[in-house]
Amino acid sequence: MVLLIGVPAGYLAISAEQSRSSGRDKEAESSVSGLQDSWPSKMKRRVFEVPIPARSRDVAYFETSNWKTSRLYVRFTTTGAGLDAFLDDVGTSRSRLAPGAVTVNARDAATVDWTFPAHRDWSGTTHRQDRPRPTRDITVDLTDPAAPRVYVVSTATP
């Protein structure tokens, strides 16, 4: 008799706590303004098609969403090989990076406090796709070719 009542009651208590914890985590994430110093979830990376290379460092992201547009802002530092793999995974290549181009627009940069000073070696490209797939503005700081820093704004419109 104790098992018939105790086991389901225990299960309900555990499920309720997990649900509450999940809600708190989502609430905390949605209340953040600005970049979060962590990796976006695999689901976000998949939806926004931002395949961050393994062993990347200084990864940060921020997501905005409204009824007509969602954006994922991602910044990370990788290796030369990691940059090539990233560009290949998104469907472009290093040869498509325009030297001197900063493709992240001023409004998006201001959203996450990104600055692109003139004394750095910038290259960029915009990878457009048919809706509903996202368009990605990719800007890369190649000042240190062994450790390029990548800035991506992936915009999804349904």
Note the per residue figure in Å³ for the convex hull of the C-alpha positions in the range 87-147. 103
Which sequence of ASP141, ASP84 reflects their accessible areas, 1.4 Å probe, from the largest down? ASP84, ASP141
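Could you estimate the translational diffusion coefficient of the range 30-156 from the Stokes-Einstein equation, with Rh from the Kirkwood formula over C-alpha pairs, at 10 °C and 1.306 mPa s, in whole µm²/s? All intermediate terms of the calculation are to be shown ahead of the outcome.
Numbers: Rh = 14.5 Å.
Calculated translational D: 109 µm²/s.
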Given a 1.4 Å probe, how much area per residue of the range 55-158 is accessible, in Å²? 51
In what order, largest first, do LYS42, LYS68 sit by accessible area if the probe radius is 1.4 Å? LYS42, LYS68
Would you calculate the separation in nanometres between label points at ASP121 and THR79, each defined as 7 Å from the Cα along the Cα-to-beta-carbon direction? 1.8
How much net charge surrounds ASP88 when only other residues with a Cβ under 14 Å from its Cβ are counted (Lys, Arg +1; Asp, Glu -1)? 0
Given q = 0.13, 0.19, 0.22, 0.30 Å⁻¹, what are the Debye log10 I(q)/I(0) values for the range 50-111, with equal point scatterers placed on the Cα positions and solvent ignored? -0.43, -0.90, -1.12, -1.27
Determine the order of HIS127, HIS119 by accessible area, beginning with the largest, at a probe radius of 1.4 Å. HIS119, HIS127
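The values are calculated or read from the model by the stated rules, or taken from the named source; none is laboratory data. Please read these numbers as outputs of a predicted model, since none were measured by experiment. Note that each Cβ is placed from the backbone with ideal geometry, even for glycine, and that neighbours are counted across all protein chains shown. Just so you know, the surface numbers come from the protein's heavy atoms only, side chains and all, with ligands and any DNA or RNA stripped out. Shrake-Rupley method; radii C 1.70, N 1.55, O 1.52, S 1.80 Å.
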